[in-house]
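Here the structure comes first, spelled out in structure tokens, and everything after it is commentary.
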Amino acid sequence: MPNNPKPIEAKTKTKSKKKLSERSIGYLLIAPAMILIFVIAIWPVFQSFYYSMFDLRLNNPAKSEAHTSYSVNLHTYLDNYPFLMNSLDEEIGEASGKTKEELEAIQANLEKIDSELKKDGELKDQYDQVDEKLMVMKPVSEDLAVAELDKDVALDLEKTVDDTTDRVRELKGELKNPDDVIGLSSSLSDSVITPNFIGLKHYKENLSDGRMWKAISNTTVFTVISVFAELVIGLAIAILINKAFFGRGLVRATILIPWAIPTAVSAFMWKYLYDGQNGIVAKAFESIGLFDRMTDLLTSSNGAMFSVIFADVWKTTPYMALLLLAGLQTIPSSLYEAAAIDGASKWKQFLKITLPLLKSSILVALLFRTLDAFRVFDLIYVLTGGGPANSTETISILAYKVMFAQTNFGEGSALSVIVFICVAIISMIYIKFLGRDLLNDK
């Protein structure tokens, strides 16, 4: 009987089509979640990286947005140019001799560059529209106000305005109202928008900045000490409340209270407890000899770091205990009974049964807490503000100060990206050394 491979091939094709369809369905099912993750988590990182490559400063109108080409803000230009020309006309009428000749030359240069702006037909139409709206005091939209400009014209405009300001300052003693002319010419220079793309300059500056490395060092110290303390204390609490005893439910609920309190509220509460004059905790620490003076808790470098770590351990240990308790409850009690019959002590049971079977829960708890601790902001910001002398300033607080206090969005975005990179490295380290066998990632 001859072999007939067709039925086998048909079955193989059917199976492959079935697998392909199942795979496609799987991708379709996770697509909404992946899109949501991209929009909420990944896209802001790309956006921050994009902004970090520009010199963005909100206190400078010419650098308040990302610009890759030369342009002119016609609204600003036409708000100042006519008044500047009128002021020069008045000064020319009052002046004489070389001063008058100098002012006429300044005015001629400004008129020349103004005519250069009107040479481009499209730009001239935009120029006339903005001028007309300003004449009747109508609002000018941003799209209409900003127009792209040829690089040479933009540089000529910038140079002419700067020269005007410098030359008028030299003639200041011979003019009637020099401050008006200087002010208008300075404002006119703000109309020129130059490209503020600087590439990776912010990263280069930050990586050579001692303050940033100090902030990372403070963040690392805070993270390592607080997470280790929370793991040890949280594991002890989890083992305790995992036992059956009278009032266990009330104890579990009570332990979770610190974690349930908002972080800002907790920080204010601990700030009062650490107060150098009336703080109960500060007085207790002084009494037991932990600190020489009550004021050392918030006014010395070591005291401030101890204070924020102590407050964070009090606040977040219940969260660690809750995660570990969930892992403990998955361990069968029969294992402990068998170990006890074999003569294993409680410590032996802990080392041979509890810790190995709790490894996945410890990984999750450590990963979540380490990432959360490394990004700490609100607790330290409220409690110490990063002081004294930046001794508790973390990388997140530094990014906030640069971005919002200094309104330097470019450098602040670069610091935010650095925080993201650090968090990603921490995640990979955890997965590499603690979770490789759990995730079957070979």
Exercise for the section: State the percentage of accessible surface on the range 86-181 attributable to carbon and sulfur atoms; use a 1.4 Å probe and exclude ligands, DNA and RNA. Expected result: 42
Handout entry: Evaluated over the range 72-164, the Cα radius of gyration and Dmax, each in Å
Key = 14.4, 45
Problem - Relative contact order [Cα under 8 Å, 6+ residues apart], the chain, whole percent - result: 21
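State the three equivalent ellipsoid semi-axes of the range 134-291, derived from the C-alpha gyration tensor as the square roots of 5 times its eigenvalues, in descending order and whole Å.
They are 64, 23, 21 Å, listed from largest to smallest.
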Practice task
Send over the semi-axes of the range 335-399's equivalent ellipsoid, whole angstrom and largest first, taken as the square roots of 5 times the C-alpha gyration tensor eigenvalues.
Solution key: 43, 12, 7
Exercise for the section: Starting from the Cα-Cα distance between residue 357 and residue 35, subtract it from 0.36 nm times their residue separation and give me the gain in nm to one decimal. Expected result: 112.5 nm
Completion exercise
The helix 43-52 Cα axis meets the longest alpha-carbon principal axis of the chain at an angle in degrees, between 0 and 90 and rounded to 10, of 40
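Skip the ligands, DNA and RNA, and give the accessible area per residue of the range 326-408 with a 1.4 Å probe, whole Å².
Values: 4000 Å² over 83 residues.
Heavy-atom accessible area per residue stands at 48 Å².
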Exercise for the section: State the percentage of accessible surface on the range 35-81 attributable to carbon and sulfur atoms; use a 1.4 Å probe and exclude ligands, DNA and RNA. Expected result: 66
Fill in the blank from the handout: With the dipole of the range 62-207 defined by +1 on each Lys or Arg Cβ and -1 on each Asp or Glu Cβ, the option from 69, 184, 153 whose Cα lies farthest towards the positive pole is 69
Exercise for the section: Between the alpha-carbon centers of the range 248-290 and the range 49-114, tell me the distance in whole angstrom. Expected result: 58
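Report the far tail of the P(r) of the chain, meaning the percent of Cα-Cα pairs longer than 41 Å. Walk me through the numbers before you get to the answer.
Details: 47380 of 97461 pairs.
Counting pairs separated by more than 41 Å, the tail of P(r) holds 49 percent.
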Fill in the blank from the handout: Accessible-area order for 90, 116, 122, largest to smallest, probe 1.4 angstrom, reads 122, 90, 116
Problem - Packing rank of 301-307, 146-152, 380-386, where each peptide gets the mean count of other beta carbons within 10 Å, highest leading - result: 380-386, 301-307, 146-152
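For the range 264-323, give the percent of accessible area contributed by carbon and sulfur heavy atoms, probe 1.4 Å, rounded to a whole number. Let's see the in-between values first.
Details: 1870 of 3020 Å².
That share works out to 62 percent.
Quick check for me: using +1 on Lys/Arg Cβ and -1 on Asp/Glu Cβ, what's the dipole size of the chain about its Cα centre, in debye to the nearest 20? Write out the running numbers ahead of the final one.
Values: 45 positive and 52 negative charges, 1002 e Å.
Roughly 4820 debye, rounded to the nearest 20.
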Completion exercise
To the nearest Å², the heavy-atom accessible area per residue of the range 89-209 with 1.4 Å probe amounts to 60
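The values are calculated or read from the model by the stated rules, or taken from the named source; none is laboratory data. Bear in mind that the values here come from a model prediction, so they are computed numbers and not experimental data. FYI the Cβ positions are ideal-geometry reconstructions off the backbone, even for glycines, and counts take in every protein chain you see. With ligands, DNA and RNA removed, areas are computed over all heavy atoms of the protein, side chains included. Shrake-Rupley method; radii C 1.70, N 1.55, O 1.52, S 1.80 Å.
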